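Undergrad: Questions regarding the structure given below will be posed in turn.
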Amino acid sequence: MPFLEIDGVTRRFLAQVAVDGVSFTAEKGEFISLLGPSGSGKTTLLRIVAGFETPDAGRVIVGGDDVTFVSAQKRNMGMVFQSYALFPNMTAADNVAFGLKTRRAPRTEIEERVRMLLEMVGLEKKRARYANQLSGGEQQRVALARALAPNPRVLLLDEPLSALDARIRVNLRQEIRRIQQTMGITTLYVTHDQEEALSMSDRVVVFNHGIAEQVGTPEEVYDYPASSFVSDFVGTMNHLNAVVVDPEPGLCRVGSATLTVPGLPAGVVSGDAVTLWIRPEGLLVASGVKPDNQAIPAVVEQVIFLGSRYGMRITIDQKYPVTLDIPRQGIAVEYQSGDPVWVRLAAPPGVTRVGSTANSAP
Amino acid sequence: MTRRSHRGFWVVVFLAGVYFLVPLAATIQFSVQEGPHTPFWTAYAGIVSNPEFWMSLRLSLLMAMAAVIIGLIVIVPAAYWVFLRVPRLKPWVEFVSILPFVVPPIVLVLGLVRLYGAGFGPLSSRDTMLMGAYGVVAMPYLFRSIDTGLRTRNIKTLTEAALGMGASWPRVMFGVVLPNIRSAIMGGAFLTFALIMGEYAISSMLGFNTFGVFMLLTGQTQAQGAAALAVMSFVLVWFFVGLIQVFNRDAVSAMGGAR
Ligand SMILES: Nc1ncnc2c1ncn2[C@@H]1O[C@H](COP(=O)(O)OP(=O)(O)OP(=O)(O)O)[C@@H](O)[C@H]1O
Ligand SMILES: [Mg+2]
């Protein structure tokens, strides 16, 4: 039985539906990211789980108890806010102790636990500092320790890293994950950063306009996006129009080239228009003579240096823009804008059937 | 900033300084202008030795304190609740809170006397009426400064953080909200205090000899005494303003600087 159950939760604000019938479950100790663009309802759902909002429909169940209408004070959830929200009138240690004091834990126990948590987030030396004497990253660590102190049933984090700079963000990401795994605490993590969601989570819930479009492991969400929204929001996705020439060996025409596409959906017939979904790393590029009959002619538009790799934009048949990645193996790429190149599929693409009008595409 | 605009700035400061300081200097000068055979502090000595002065000062101090306390007890929870739970009512509360500015004192007093004039036991005593009226006068100032404090100190999120950790409402209020809006409360309280120390209309209509009334009466009978009194009340007000600064600084350094 799942530990946390979100069951058909809906929340409206006036005419707007902020969260629209969202359902998913989390096992004990699971780390789940709520990923979605701004305004997609992630914070609203998190606040419903925390008890700061009441849903118009649906239930929130924790450890078998229906807590939908239980007040925030009685839910025992640990919340980390985007703005840190440390109490400015208290030291770091007093902030961490706050939740323990409300539980009237014995004094020695409070001291011991505060010390343990501050040590875990690496701030034992700064325990006597006030919030504004700490950097953003340090404040967020204290906020994490504070949320964890009363041993909450679920840890809720609302874009905890979005106010920090890139380097600290990556460090703290790993640190949060490490602490979460050590404590084995069930966690909901709101973010609009797909890289963050993919790298930290056991599973990802992708939000769009209040709807959970897909729930799955990072690999599932990336490799088998359930909708075109998910495919575009999580990573980059090229959509390439093609026309089925012969479904039996999987022959498709893309621009002026004809290639073999494995895994055409069942039931397509000759002349059907299909869309090939291809990740940037799913394409290989070559220059010079046509390497084989699977190669598609294209022209380089732009080459962008990205540190560990190059990003390249090309157009197929002067019409279809495609983005691809070239890993960097100690050499600079020799491609320049305007160069003619050949691209071919490195992995089987996703394919969806669009229609049957043979003359509409490619 | 360019040199030129700097110069403009100083010109304005100078003119404003002249506008405020010249009358003040003249008042001070007048208050110590005595005949050749009397010491320059005669006017001051006359006031300080007048028992009426001390009685009116004491009355005004007590009333001002009562007004601040009444105002705080009503306004702090009200402002917090509106801010947190029913923000859409804020325009209405704001409207009600500025009513004391709009309603002339005579209307306020007449209303109070008519309604509570007799038959309400302790509520019908003049002292209670004066306290109540002052409490009402205090509200706009208190509401404004407390509302600003609530907004700028991110009190909504702090409240949620505390509730999420299981804190009771009293603990949220006394452990989190009040300490973090302390300087806002102090600011509003001192402002009200200074205002009520000089209040004249309401107290005279209710027949009290408050500090404001005493000042006016003195002005009608002794010119120099009035000047001396003006200087003294000026010093008193600056004393309070100084106190605000000290309190704010303390509050700020206790939290390690404003955020
Ligand atoms: N208290 C509220 N009153 C009215 N509308 C609200 C309220 N809270 C949220 N909304 C609306 O609900 C929608 C979802 O908001 P929510 O804050 O959950 O988005 P989000 O996914 O967290 O976005 P972001 O990434 O920008 O934080 C938004 O369109 C927002 O305008
Ligand atoms: Mg949000």
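Undergrad: For a Förster distance of 30 Å, can you work out the FRET efficiency between the beta-carbons of A:SER23 and A:ALA347, rounded to the nearest 0.05? Don't skip to the answer; put the middle values down first.
TA: Details: r = 32 Å, r/R0 = 1.07.
My answer for the efficiency is 0.40.
Undergrad: Moving to a separate point now. Out of all DSSP beta bridges with both ends in the protein assembly as shown, state the antiparallel percent to the nearest 5.
TA: On the way: 62 of 80 bridges.
Given both bridge residues lie in the protein assembly as shown, the antiparallel proportion sits at roughly 80 percent.
Undergrad: Right, here's the next one. Quick one: which residues, 5 or more positions from A:ARG279 or on another chain, have an amide H under 5 Å from its amide H? H modelled 1.01 Å from N in the peptide plane, none for Pro or chain starts.
TA: A:ASN238
Undergrad: Want the number for A:GLU119 to A:ILE304: 0.36 nm per residue separation, take away the alpha-carbon distance, what's left?
TA: Working: separation 185, 0.36 × 185 = 66.60 nm, distance 4.25 nm.
Here the segment from A:GLU119 to A:ILE304 would lengthen by 62.4 nm.
Undergrad: Using the crude model of +1 on Lys and Arg Cβ and -1 on Asp and Glu Cβ, and no other charge, please compute the dipole size for chain B relative to its Cα centre, in debye to 20.
TA: On the way: 17 positive and 8 negative charges, 224 e Å.
Using only the charged Cβ atoms, the result is roughly 1080 debye.
Undergrad: While we're on this one: Please work out the Cα center distance from the range A:1-64 to the range A:223-251, rounded to the nearest Å.
TA: 30 Å
Undergrad: First check a/c for the protein assembly as shown, with a ≥ b ≥ c the square roots of the eigenvalues of its C-alpha gyration tensor; if it is under 1.5, answer rounded, and if not, answer prolate when a/b is larger than b/c or oblate otherwise.
TA: On the way: a/c = 2.89, a/b = 2.36, b/c = 1.22.
Prolate.
Undergrad: Would you mind counting up the charge near A:LEU264? Only other residues with Cβ under 11 Å from its Cβ, with Lys and Arg at +1 and Asp and Glu at -1.
TA: Values: positive: A:ARG353; negative: A:ASP246, A:GLU248, A:ASP272.
Summing Lys and Arg as +1 and Asp and Glu as -1 gives -2.
Undergrad: Still on this structure, I have one more. Mind checking A:73-85 for the average number of partner chain beta-carbons within 10 Å of each residue's beta-carbon?
TA: Details: counts 10, 2, 3, 3, 3, 2, 6, 2, 6, 1, 4, 3, 9.
Other-chain Cβ atoms within 10 Å of each residue's Cβ, averaged: 4.
Undergrad: In Å², nearest 100, what accessible area do chains B and A bury in total when the solvent probe is 1.4 Å?
TA: Numbers: alone 15520 and 17250 Å², together 30690 Å².
Buried surface at the B/A interface: approximately 2100 Å².
Undergrad: For the pairs A:LYS101/A:LYS125; A:LYS101/B:LYS156; A:LYS42/B:LYS156; A:LYS42/A:LYS319, note any where the Cα-Cα span goes beyond 30 Å. The partial results should precede the final answer.
TA: Details: A:LYS101/A:LYS125 22 Å; A:LYS101/B:LYS156 21 Å; A:LYS42/B:LYS156 19 Å; A:LYS42/A:LYS319 37 Å.
Cα-Cα > 30 Å for A:LYS42/A:LYS319; rest within.
Undergrad: Between the range A:162-213 and the range B:168-205, what is the C-alpha centre distance in whole Å?
TA: Between the Cα centre of the range A:162-213 and that of the range B:168-205, the gap is 44 Å.
Undergrad: Continuing with this model, one more query. Kirkwood Rh over Cα pairs of the range B:51-258 into Stokes-Einstein at 37 °C, 0.692 mPa s: D in µm²/s? Don't skip to the answer; put the middle values down first.
TA: Numbers: Rh = 18.7 Å.
Answer from the Stokes-Einstein relation: 175 µm²/s.
Undergrad: Could you state the accessible area per residue of the range A:78-154 in Å², with a 1.4 Å probe and every protein chain left in place?
TA: Numbers: 3150 Å² over 77 residues.
With all protein chains present, the range A:78-154 gives 41 Å² per residue.
Undergrad: How big is D for the range A:117-162, in µm² s⁻¹ as a whole number, if Stokes-Einstein is applied with the Kirkwood radius of its Cα pairs at 20 °C and 1.002 mPa s? Don't jump to the answer; show the numbers that get you there.
TA: On the way: Rh = 11.2 Å.
D, rounded to a whole number, is 192 µm²/s.
Undergrad: Another one. With θ set to phi - 60° and the Karplus curve 6.51 cos²θ - 1.76 cosθ + 1.60, what are the ³J(HN,Hα) couplings of the range A:73-84 in order, to the nearest whole Hz, using x for Gly and Pro?
TA: Result, ordered by residue: 4, 9, 7, 6, 10, x, 10, 10, 8, 4, 8, 6 Hz.
Undergrad: In a Gaussian network model over chain B where Cα atoms closer than 10 Å are linked, find which of B:ALA78, B:ALA161, B:ALA64 has the largest mean-square fluctuation.
TA: Result: B:ALA161 has the largest fluctuation of those listed.
Undergrad: Let me ask you something else. What average number of partner chain Cβ atoms lie no more than 10 Å from the Cβ of the residues making up B:22-28? Could you put the intermediate results ahead of the total?
TA: Numbers: counts 0, 0, 0, 0, 0, 0, 0.
Going residue by residue through B:22-28 and averaging, the value is 0.
Undergrad: Taking K and R as +1 and D and E as -1, what net charge do the other residues with C-beta under 12 Å from the C-beta of B:PHE211 add up to?
TA: Working: positive: B:ARG58; negative: B:GLU52, B:GLU199.
So the surrounding residues net to -1.
Undergrad: Still on this structure, I have one more. Can you list the residues, at least 5 places off or on another chain, whose amide H is less than 5 Å from the amide H of A:LYS28, using H built in the peptide plane?
TA: Here the answer is A:PHE3, since their amide H atoms fall under 5 Å of that of A:LYS28.
Undergrad: Across peptide B:147-160, what mean number of C-beta atoms from other chains lies inside 10 Å of a residue's C-beta? Let's see the in-between values first.
TA: Values: counts 0, 0, 0, 0, 0, 0, 2, 5, 0, 2, 6, 7, 2, 8.
Across B:147-160, the average partner-chain Cβ count within 10 Å equals 2.
Undergrad: Here's something else I'd like to know. With each pseudo-label sitting 7 Å past Cα toward Cβ, what's the B:THR152-B:ARG58 distance in nm, one decimal?
TA: Those two pseudo-labels are separated by 3.9 nm.
Undergrad: Karplus couplings for the range B:141-148 from phi (6.51 cos²θ - 1.76 cosθ + 1.60, θ = phi - 60°), rounded to Hz, Gly and Pro as x?
TA: 5, 5, 4, 4, 6, 6, 4, 4
Undergrad: Carbon-plus-sulfur fraction of the accessible area of the range B:51-258, 1.4 Å probe, in percent? Numbers along the way, then the final one.
TA: Working: 7440 of 10150 Å².
The computed percentage sits at 73.
Undergrad: If you build a Gaussian network model of chain A, linking Cα atoms that sit under 10 Å apart, which residue out of A:VAL154, A:VAL244, A:VAL289 swings the most?
TA: A:VAL289
Undergrad: Between A:VAL245 and residues 5 or more places away or on another chain, which pairs have amide H atoms under 5 Å apart, with H built 1.01 Å from N, and which residues are they?
TA: It is A:LEU251, A:CYS252, A:ARG253, A:GLY271, by chain and number.
Undergrad: Which of these, B:ALA138, B:ALA25, B:ALA16, has the largest mean-square fluctuation under a Gaussian network model of chain B (Cα springs below 10 Å)?
TA: B:ALA16
Undergrad: In debye to the nearest 20, how big a dipole does chain A give about its Cα centre with +1 on each Lys and Arg Cβ and -1 on each Asp and Glu Cβ? Walk me through the intermediate numbers first.
TA: On the way: 36 positive and 39 negative charges, 291 e Å.
So the magnitude is around 1400 debye.
Undergrad: Can you figure out the FRET efficiency of A:THR260 with A:ALA163, using R₀ = 56 Å and their beta-carbon distance, to the nearest 0.05? Before the final figure, lay out each step's value.
TA: On the way: r = 49 Å, r/R0 = 0.88.
Between A:THR260 and A:ALA163 the formula returns 0.70.
Undergrad: What does the charge count near B:ILE98 come to, summing +1 for each Lys or Arg and -1 for each Asp or Glu among other residues with Cβ under 13 Å from its Cβ? Could you put the intermediate results ahead of the total?
TA: Values: positive: B:LYS90, B:ARG144; negative: B:GLU94, B:ASP147.
The answer is 0.
Undergrad: What residues of the range B:180-208 lie in the reach of a label at B:ALA118, counting those whose backbone N is under 11 Å from a point 7 Å from the Cα along Cα→Cβ?
TA: Once the point is set 7 Å along Cα→Cβ of B:ALA118, nothing inside the range B:180-208 turns out to lie under 11 Å by backbone N.
Undergrad: Ordered by residue, what ³J(HN,Hα) values in Hz, to whole numbers, does the range A:128-142 give under the Karplus form 6.51 cos²θ - 1.76 cosθ + 1.60, where θ = phi - 60° and Gly and Pro are x?
TA: The phi angles translate into 8, 7, 8, 3, 7, 9, 10, 6, x, x, 5, 4, 5, 5, 4 Hz.
The values are calculated or read from the model by the stated rules, or taken from the named source; none is laboratory data. None of these values were measured; they are calculated from a predicted model. In this analysis, Cβ positions are derived from the backbone assuming ideal geometry, glycine residues included, and neighbour counts consider all displayed protein chains. We work out accessible area using only protein heavy atoms, side chains counted, and drop any ligands, DNA or RNA first. Shrake-Rupley method; radii C 1.70, N 1.55, O 1.52, S 1.80 Å.
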